[in-house]
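Here the structure comes first, spelled out in structure tokens, and everything after it is commentary.
The values are calculated or read from the model by the stated rules, or taken from the named source; none is laboratory data. Only a predicted model underlies this, so the values are computations on that prediction, with no experimental measurement involved. Please note: Cβ atoms are built from the backbone with ideal geometry, for glycine as well, and neighbour counts cover all protein chains shown. For accessibility, only protein heavy atoms count, side chains too; no ligands or nucleic acids. Shrake-Rupley method; radii C 1.70, N 1.55, O 1.52, S 1.80 Å.
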Amino acid sequence: MSNITFTMIKPDAVADGHIGAILGKIAEAGFKLKAMKLTQLTVADAKKFYEVHAKRPFYGELVDFMSSGPIVAAVLEKENAVEDFRKLIGATNPAEAAEGTIRKMFARSVGENAVHGSDSDENALIEAQFHFSGREIF
Ligand code: CMP
């Protein structure tokens, strides 16, 4: 698969009732849904998904938060998907995110920042396969 990215609408944005608005922004920006589900990460899932951050001081907080409630996981398709999606969501810290970006509009804080976006084509594929089986990706 090329031109795909993986996203999660995180527990803060789900709890705050922003699923519909965020999916609307994603569709308006020209991304096509290839897979999507409402699910919840176990602590073990969150630890594995964020393994790359294991040495960071916020790792425990990140794992607790990401397993604290339901998320929406999705695979999105568009030309230049990874880069364009990162522009659409804005900076990791919503206080630094540009006006009109999803994190600026919907995130609570740097830790509870509403959405995830893959940082490379390689990770997009790994993350998509972490959450979805082949028959769930269209
Ligand atoms: P994301 O880029 O989706 O994946 C890594 C996450 O770590 C990031 O979103 C933030 O939610 C979280 N994160 C990054 N920096 C901090 C921080 N300083 N404090 C708490 N969480 C952070």
request  = Would you mind finding the one in PRO57, PRO94 that is more than 13 Å from the chain's Cα centre (by Cα), within 12 Å of the ligand (Cβ to nearest atom) and open to solvent by 20 Å² or more (accessible area, probe 1.4 Å)?
outcome  = PRO57
ask   = Just wondering, is there one or more residues in the range 75-89 that are acidic (Asp, Glu), within 12 Å of the ligand (Cβ to nearest atom) and surrounded by fewer than 16 Cβ atoms within 10 Å (Cβ to Cβ)?
value = no
Residue among VAL52, VAL72, VAL63 that is part of a strand (DSSP E or B) and of a type outside the set (Lys, Arg) = VAL72
Single condition LYS10 does not satisfy, out of (1) closer than 25 Å to GLU136 by Cα; (2) open to solvent by 40 Å² or more (accessible area, probe 1.4 Å); (3) of a type in the set (D, E, K, R) = (2)
message = Among (1) away from the ligand (no atom under 12 Å from the Cβ); (2) farther than 13 Å from ALA114 by Cα; (3) open to solvent by less than 40 Å² (accessible area, probe 1.4 Å), there is one condition GLY69 misses while meeting the rest; what is its number?
response = (2)
request  = May I ask you to list pairs of residues, at least six apart or on different chains, whose Cβ atoms are under 6 Å apart, with the first in the range 2-24 being within 20 Å of GLU83 (Cβ to Cβ) and within 14 Å of the ligand (Cβ to nearest atom) and the second being in a loop (DSSP other than H, G, I, E, B) and modelled with pLDDT of 95 or more?
outcome  = THR5/SER118; PHE6/SER118
request  = Quickly run through the range 106-129 and pick out the residues that are surrounded by 14 or more Cβ atoms within 10 Å (Cβ to Cβ), among the hydrophobic types (A, V, I, L, M, F, W, C) and within 16 Å of the ligand (Cβ to nearest atom).
outcome  = PHE106, ALA107, VAL110, ALA114, VAL115, ALA124, ALA128
